[in-house]
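Have a look at the structure below, then the notes.
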Amino acid sequence: APTAPTVPKQRKRRRGSARFAGMAQEDVDAVPVPAQPDGGPALPGLGPAPAPAGRRGLRGARFAGAAAEPEAPSTARPRETGPVDDRARQEAARAVERLVSLRTRQLSGEAHALLVELAYWPAARVPLLAAELQHAGLGADWATLLWEAASLPVERLVAAADALLAAGRADDAEQILRQGVGRPAEEIGEAVRGLAAEGRHREVRALLDAYVRVRAPEEAARSAAPEPRTLVPLLLDAARGVSDTRYWDLVHALRVAGHHT
């Protein structure tokens, strides 16, 4: 009989980088991180199965109108989404079979390299990988893949989150966004400006909703620097959807930073 896959060992990730700069402590504690070999906290396993009809989605403005709002056409760059066909399903299944083989042979380094490669797959295939990994009992590998995907460029990050939400994996979509917004404020601001210029307003709302929830108001205020006239209203609108307290904290931080509100 084939040997059952062993529990994967996770590569220790350097902490204290700019990825989590400026987070309030309670928000940092809320961001899941992968299991560490020194006994640190572990990411949860696979998210729940696709939500049944009627289940409440993400709170506040997060992904507001995801099912109803049409996507504005973009001419800037192609998006790595598209119909999920039988070929995509077969490729996802083969990739997970390969991962199972690597885990069975205790080739942790090669397994992690494969997960990094899979994180760069087109966004539409991310839910397929989730389903295949769950079926194979590789919940820890799915958590690692989510963590790696959170380091993708912001536009690819929000596309992956959008695909997960559309597949009924709202918890995974929320997790990848919360992990992904732990990057420099200026990078978030530039990404939001680009998404807004392309008319991708739903993705702007999803990204900023996660951002103002996780990052400290002072850090969120710094993200307005690339284009205050565009970004300040968007940030305030996202903060208003979180709470009155977060809204007024951000108003104060923006004023201290020299931005008119």
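The values are calculated or read from the model by the stated rules, or taken from the named source; none is laboratory data. The shown structure was predicted, so the numbers you read here are calculated from the model rather than taken from an experiment. Please note: Cβ atoms are built from the backbone with ideal geometry, for glycine as well, and neighbour counts cover all protein chains shown. These area figures cover heavy atoms from the full protein model, side chains too; ligands, DNA and RNA do not enter into them. Shrake-Rupley method; radii C 1.70, N 1.55, O 1.52, S 1.80 Å.
Name every residue in the stretch 226-261 that is of a type in the set (A, V, I, L, M, F, W, C) and open to solvent by 60 Å² or more (accessible area, probe 1.4 Å), in order of residue number. So that I can check it myself, show each step before the final result.
Taking the stretch 226-261 as the starting set, the residues that turn out to be of a type in the set (A, V, I, L, M, F, W, C) are 231-232, 234-236, 238-239, 242, 248, 250-251, 253-254, 256-257.
Once the filter is applied, which keeps residues that are of a type in the set (A, V, I, L, M, F, W, C) and open to solvent by 60 Å² or more (accessible area, probe 1.4 Å), the stretch 226-261 yields 248, 256.
Residues that are aliphatic (A, V, I, L, M) and touching an Asp or Glu at 6+ places or on another chain (Cβ under 8 Å) within the stretch 137-160 comprise 146, 154, 158, 159, listed in sequence order.
The numbered conditions (1) open to solvent by 40 Å² or more (accessible area, probe 1.4 Å); (2) modelled with pLDDT under 95; (3) among the aliphatic types (A, V, I, L, M) are all true for residue 150 except (1).
To keep it simple, each residue is scored yes or no on (1) part of a helix (DSSP H, G or I); (2) without any contact (Cβ under 8 Å) to a residue 12 or more places away in the chain; (3) touching a Leu at 6+ places or on another chain (Cβ under 8 Å); (4) surrounded by fewer than 24 Cβ atoms within 10 Å (Cβ to Cβ).
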{"site": "160", "(1), (2), (3), (4)": "yes, no, yes, no"}
{"site": "168", "(1), (2), (3), (4)": "no, no, no, yes"}
{"site": "177", "(1), (2), (3), (4)": "yes, no, yes, no"}
{"site": "190", "(1), (2), (3), (4)": "yes, no, no, yes"}
{"site": "206", "(1), (2), (3), (4)": "yes, no, yes, no"}
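Only residues that are touching a residue at least 40 places away in the same chain (Cβ under 8 Å), over 21 Å from residue 202 (Cα atoms) and aliphatic (A, V, I, L, M) were counted in the stretch 217-261, giving 1.
Here residue 240 meets the list (1) closer than 24 Å to residue 160 by Cα; (2) of a type outside the set (Phe, Trp, Tyr); (3) part of a helix (DSSP H, G or I) almost entirely, failing just condition (1).
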